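Data block below; observations after.
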Amino acid sequence: MSGVSPQPAQERELATVAAAESSIPFGQAVRFWLKLGFIGFGGPAGQIAIMHQELVGQRRWISEQRFLHALNYCMLLPGPEAQQLATYIGWLMHRTLGGIVAGTLFVLPSLLILIALSWLYVSFGELPWVAALFYGVKAAVTAIILQAAHRLGNRTLHSPLLWAIAGSAFVAIAVFELPFPAIVAAAALIGHLADRVTPGQFAAGNLPSHSAGSSGAALIDDDTPPPPHARFRWQRFVRSMVIGLLLWGASIGLLTLRFGWQHTLTQMGWFFTKAALLTFGGAYAVLPYVHQGAVEQFGWLTQTQMMSGLALGETTPGPLIMVVAFVGFVGGHGKALFGPDALFLAGAAAATLVTWFTFLPSFLFILAGGPLVESTRGKLGYTAPLTAITAAVVGVILDLVLFFARATLWPHGFSGSFDWLSALITLGAAIALLHYRRTTIEVIAGCALAGLLGQVLPV
């Protein structure tokens, strides 16, 4: 028998894939990603919740299990998991262009807003009433980070081993000052080895729990086969990696040729490339590294400015790691990179540059590694290192809580006076977040008002 036609099963697969792709108009997807870029408040938890509600619950573009599978691996990668999740789903629905559009629109509104806010901050931040507002906002930062640690701990620490990993990570970074990458690597190794001995400890709890709350088949359902572009091929993987590395190499190379290796812009590109590869656990986990480099090593901004930037990042849409745009703007503006008459241009250029270097690896991880991720669906053993890393991140974030608490409550060091007003505002913010479950924006607004009143009516 000659001229064998494709197998019926393969034909059905291709028909299903084609139907799914045609059922999600690209323009409609673009409008959703743009909307998400402007309403993505509440950090990664809030952004993931919005995507889950819209894509899984209402639009039924993707099923619960496919959504959680993508999220699982986005959490395993370094970088902002919510932005990577948007990139992943956009790529799954509409190939490489869909992923690039989804990931870019997730970040672009935040970048533009932060450039504007950063300019206002450096221009008017010294005014007494503005300083009073930021005084109250900075007091809320400690409580906000504490809430992040509490939320992550509740989701992750469901066994004695995971508690031990979190505690060990805290001691490692707070007492022994071990580098964050070493802590992440050790946690992943422990998770991998422990899963072989007692896999039950990692069987659940590593992901945010979402209620399905929806019925009916999704366009990309549990049993929908991966589309052709989502099937792993070594040739495609190598091509994507080469393109990504060429983009990075060309960017850092042009900066070096134009300004020199020691120039602020070149050093920002190199530093934030490294930061992007260390952001396991999201923005809060990498903040100590960014603070160490941007404040202590390079002097791009002060500790007070760093806390103000985090507060602005909390109140704007987009990933929290977008605080790097503030760091870049203040650093470029303060160094007057293009002369005293082009301060805004210097700040905006630096903010855009650090955003490019921070997020380029995220796109590369998804577009190159997405097909491999799709091939691992149903293999639960891959989640053990993730769970262990997440447990370690809890300990790292707790160290960050102490770091910001010291900076807020003892602004002049332990030898100076204790700031009772900041302590009261921080305590009130913690109660509002943890007990009354108020939103981050509500708490920040309340703390800003408290700071202003404290300036008018000193305690």
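Quick note: the coordinates plus some simple rules give every number you see, no bench work behind them. What you see is a predicted model; the values in this text were computed from it and never measured. Neighbour counts run over all protein chains shown; Cβ positions are idealised from the backbone, glycine included.
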Original post:
Direction-averaged shadow area of the convex hull around the Cα atoms of the stretch 21-132, nm²?
Top reply: 8.3 nm²
Subject >> the chain, helix-only ellipticity at 222 nm - DSSP H runs n ≥ 4, -39,500 (n - 2.57), divided by all residues, nearest 500 >> reply: -24000 deg cm²/dmol
Original post:
By its C-alpha gyration tensor, with a ≥ b ≥ c as the square roots of the eigenvalues, how is the stretch 323-459 shaped: rounded for a/c under 1.5, else prolate for a/b larger than b/c, else oblate?
Top reply: oblate
**OP:** With unit charges on the beta carbon (Lys/Arg positive, Asp/Glu negative), name the residue among 303, 275, 120 whose Cα is farthest towards the positive pole of the charge dipole of the chain.
**Re:** 275
Subject >> Check: the chain dipole with +1 on Lys, Arg Cβ and -1 on Asp, Glu Cβ, in debye >> reply: 500 debye
Subject >> Cα gyration tensor, the stretch 72-191 - rounded (a/c under 1.5), prolate or oblate >> reply: oblate
**OP:** Evaluate the distance, in nm, between pseudo-label points positioned 7 Å from the Cα of residue 263 and of residue 120 along their respective Cα→Cβ axes.
**Re:** 3.2 nm
Original post:
Quick one: putting +1 on the C-beta of Lys and Arg, -1 on the C-beta of Asp and Glu, what dipole do you get for the stretch 211-359 around its Cα centre, in Debye to the nearest 20?
Top reply: 540 debye
Original post:
Which residue, chosen from 390, 350, 360, occupies the Cα position most advanced towards the positive end of the dipole of the stretch 321-449, where the dipole is computed from +1 (Lys, Arg) and -1 (Asp, Glu) charges on Cβ about the Cα centre?
Top reply: 390
**OP:** Could you list which residues have their amide H under 5 Å from that of residue 220, counting only those 5 or more apart in sequence or on another chain, with H placed in the peptide plane?
**Re:** 62, 63
Original post:
Which of the peptides 74-81, 325-332 is most tightly packed, and how do the rest follow, going by the mean number of other Cβ atoms within 10 Å of each residue?
Top reply: 325-332, 74-81
Original post:
Put +1 on the Cβ of every Lys and Arg and -1 on every Asp and Glu Cβ in the chain; which of 317, 62, 408 then has its Cα farthest towards the positive end of the dipole?
Top reply: 62
**OP:** Subtracting the Cα-Cα distance from 0.36 nm times the residue separation, let me have the gained length for residue 303 to residue 130 in nm, one decimal.
**Re:** 60.6 nm
Original post:
Placing +1 at every Lys and Arg Cβ and -1 at every Asp and Glu Cβ, with all other atoms neutral, what dipole size does the stretch 302-430 have around its Cα centre, in debye to the nearest 20?
Top reply: 260 debye
**OP:** Work out from phi, with θ = phi - 60° and the Karplus expression 6.51 cos²θ - 1.76 cosθ + 1.60, the ³J(HN,Hα) of each residue of the stretch 103-111, listed in order in whole Hz, and give x for Gly and Pro.
**Re:** x, 5, 5, 5, 9, 4, x, 4, 4
